[in-house]
1. How much length, in nm to one decimal, is gained on full extension between ASP96 and SER112, taken as 0.36 nm per residue of separation minus their Cα-Cα distance?
2. Listed here are the pairs LYS92/LYS152; LYS106/LYS147; LYS65/LYS92; LYS120/LYS156; LYS65/LYS147; LYS92/LYS135; which of them are more than 24 Å apart at the Cα?
3. Tell me, what HN-Hα J-couplings in whole Hz come from the Karplus equation 6.51 cos²θ - 1.76 cosθ + 1.60 at θ = phi - 60° for each residue of the stretch 117-124, using x for Gly and Pro?
4. Whole-Å semi-axes of the stretch 42-159's equivalent ellipsoid, largest first, each the root of 5 times a Cα gyration tensor eigenvalue?
5. If amide H atoms are built 1.01 Å from N in the plane of the peptide, which residues on other chains or at least 5 residues away come under 5 Å of the amide H of ALA99?
6. Compare PHE45, PHE117 by solvent-accessible area with a 1.4 Å probe and give them largest first, with all protein chains kept in place.
7. Could you work out the relative contact order of the stretch 39-159? I mean the mean sequence separation of Cα pairs under 8 Å and 6+ apart, divided by the number of residues, in percent.
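The values are calculated or read from the model by the stated rules, or taken from the named source; none is laboratory data. This one's a predicted model, so the numbers in the text were calculated from it and none came from an experiment. Just the protein is used for accessible areas: all its heavy atoms, side chains included, with ligands, DNA and RNA removed. Shrake-Rupley method; radii C 1.70, N 1.55, O 1.52, S 1.80 Å.
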Amino acid sequence: MKNIKKIAVSLLFPILIMSCGVSNHNNSNLETETKEPEPNQSLFFVFNIHKDNNNSTNIVELVSKNEIIGKIKTESTNRSPNYLTLYLYSGKQLIDTVAMDHPLYKHYEYMSQDGTFSYKDTIINNADFVIRTQKNINEIKIFETLKNQPKKQLTKKSF
């Protein structure tokens, strides 16, 4: 019985030693994976949208343009029946399309007095909205799509 234990230990001991040895993995891959990527240049455009004096059309004006270093997070694709579509151009080439909820059309959910959830849609007269992009753009075209109405162009801004 002692001989069997000695044989088992003598066979298992080298296996245990080899499994605990130093890894031969290339550390350069590890360094590459843990390094943060080079910072990216991002553009933030702040626009103001408001109704004209007759409340018949919406006007879009550029408030500011800022360049920052950072990476943009992806956004959700859910959108309401009232939304804006932005076409971003570099030269004459369309490089990105962004759809976003219309900033003047708000959808609220609230608890009514009887304890049930109710919804309310509201149209406001003035709102700011932000466009973020990591592309080098020189033109933005903004279109408005309203429920049961055709899409129409609100503005074209060149930089």
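1. Details: separation 16, 0.36 × 16 = 5.76 nm, distance 4.15 nm.
1.6 nm is the gain from fully extending ASP96 to SER112.
2. On the way: LYS92/LYS152 20 Å; LYS106/LYS147 13 Å; LYS65/LYS92 20 Å; LYS120/LYS156 32 Å; LYS65/LYS147 30 Å; LYS92/LYS135 14 Å.
From the list (LYS92/LYS152; LYS106/LYS147; LYS65/LYS92; LYS120/LYS156; LYS65/LYS147; LYS92/LYS135), the Cα-Cα distance tops 24 Å for LYS120/LYS156; LYS65/LYS147.
3. Using θ = phi - 60°, the values come out as 7, 10, 10, 9, 9, 10, 10, 9 Hz.
4. Numbers: eigenvalues 162, 64, 35 Å².
Largest first, the stretch 42-159 gives 28, 18, 13 Å.
5. LEU86
6. Working: PHE45 0, PHE117 125 Å².
Largest accessible area first, the list is PHE117, PHE45.
7. Numbers: 250 pairs, mean separation 36.2, N = 121.
Reported as a whole number, the value is 30 percent.
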